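Working notes, beginning with the structure itself.
The values are calculated or read from the model by the stated rules, or taken from the named source; none is laboratory data. Because the structure is a prediction, the values reported are computed rather than measured. Neighbour counts are summed over all protein chains in view; Cβ atoms, including those assigned to glycine, are modelled from backbone coordinates with ideal geometry.
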Amino acid sequence: MNLNLKRIVKKYIWSVITLALFLLPMLNENMQAQGIKDYIHAGDTKAEQNDFEGAILEYDQAVSLFQMELDSTKKTGLNASHLEDYLEVSQVFFKRGLAKSKIKEYKSAIEDYSMAITLKPTHANAFYNRAQAEFYIREYEKSLQDFNTYMGFHSNSASAYFGRAMVKIRMGDSPGGCADFKLAEEKGYVISEDLHKKYCP
């Protein structure tokens, strides 16, 4: 092989290496993004089958991959696609919170709902479900605040009025709770006669 040919081959090899080094981070990012979607889909499927513990494990993997992607952006910076990832992963935390609530892991569910809200401050359903979880562990003041925030997004939600009514009653505000019962019924929520007799005779 003559000298010129060696130089051409060497130059070609270095060009291939340079291109590979440039494309590898992009390829890795795309693979991670696809992996996140796959784990989300698997988690959704298991949740639909009432396999909530299995769903949590799948969502764990999605969150882990997102964390890897987030770490990589510390070098390259965030862009519009990463903003979309934030919104998508906000939903993963929300769904994992739902699965945890189903198996009564309310404190851990609250942490996930809080992360969903941190990533997407307008995630109304995260506020609603966090309010419910807080109610179950008797954190009534926080629950009341979250129901109020949710109702700022959905002022006509009958179920939110009912949920807030129960919180107020547990906090000792029976008149306020009974007023919310009435509003919930006006908006279509069916409240049992037993509840009326127990809390609002």
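Against the criterion of being at pLDDT 95 or above, of a type outside the set (Gly, Ala, Ser) and under 29 Å from residue 56 (Cα atoms), residue 137 qualifies. Determine, yes or no, whether residue 109 is closer than 19 Å to residue 52 by Cα, touching a His at 6+ places or on another chain (Cβ under 9 Å) and assigned to a helix (DSSP H, G or I). When the stated conditions are applied, residue 109 does not pass them.
Taking residues in segment 175-186 that are closer than 9 Å to residue 200 by Cβ, and partners anywhere that are at pLDDT below 95 and among the acidic types (Asp, Glu), not one pair has Cβ atoms closer than 9 Å while being at least 6 places apart or on different chains.
Being at pLDDT 95 or above, touching an Asp or Glu at 6+ places or on another chain (Cβ under 6 Å), surrounded by fewer than 18 Cβ atoms within 10 Å (Cβ to Cβ) and not β-branched (Val, Ile, Thr) is true for just one of 104, 142. Which residue is that? Being at pLDDT 95 or above, touching an Asp or Glu at 6+ places or on another chain (Cβ under 6 Å), surrounded by fewer than 18 Cβ atoms within 10 Å (Cβ to Cβ) and not β-branched (Val, Ile, Thr) holds for just one of 104, 142, which is 142.
Which of the residues spanning segment 116-156 are more than 24 Å from residue 172 (Cα to Cα) and more than 12 Å from the chain's Cα centre (by Cα)?
If we filter segment 116-156 for residues that are more than 24 Å from residue 172 (Cα to Cα), which is where we start, we get 116-126, 153-154, 156.
Within segment 116-156, 153, 154, 156 meet the criteria.
Would you point out the residue of segment 146-200, among those that are aromatic (Phe, Trp, Tyr) and under 19 Å from residue 124 (Cα atoms), that is surrounded by the most Cβ atoms within 10 Å (Cβ to Cβ)?
Kept after step one, since they are aromatic (Phe, Trp, Tyr), are these residues of segment 146-200: 147, 150, 153, 161-162, 181, 189, 199.
So of that shortlist, the ones also under 19 Å from residue 124 (Cα atoms) come out as 147, 150, 153, 161-162.
Working: 147: 29, 150: 24, 153: 14, 161: 22, 162: 22.
Out of the qualifying residues, it is 147.
In segment 161-197, the residue that is nearest to the chain's Cα centre (by Cα) out of those that are basic (Lys, Arg) and closer than 15 Å to residue 144 by Cα is 164.
Which residue, of 147, 127, is within 16 Å of residue 98 (Cβ to Cβ) and assigned to a helix (DSSP H, G or I)?
127
When the test is whether a residue is touching a helix residue (DSSP H, G or I) at 6+ places or on another chain (Cβ under 8 Å) and not in a helix (DSSP H, G or I), residue 188 passes it.
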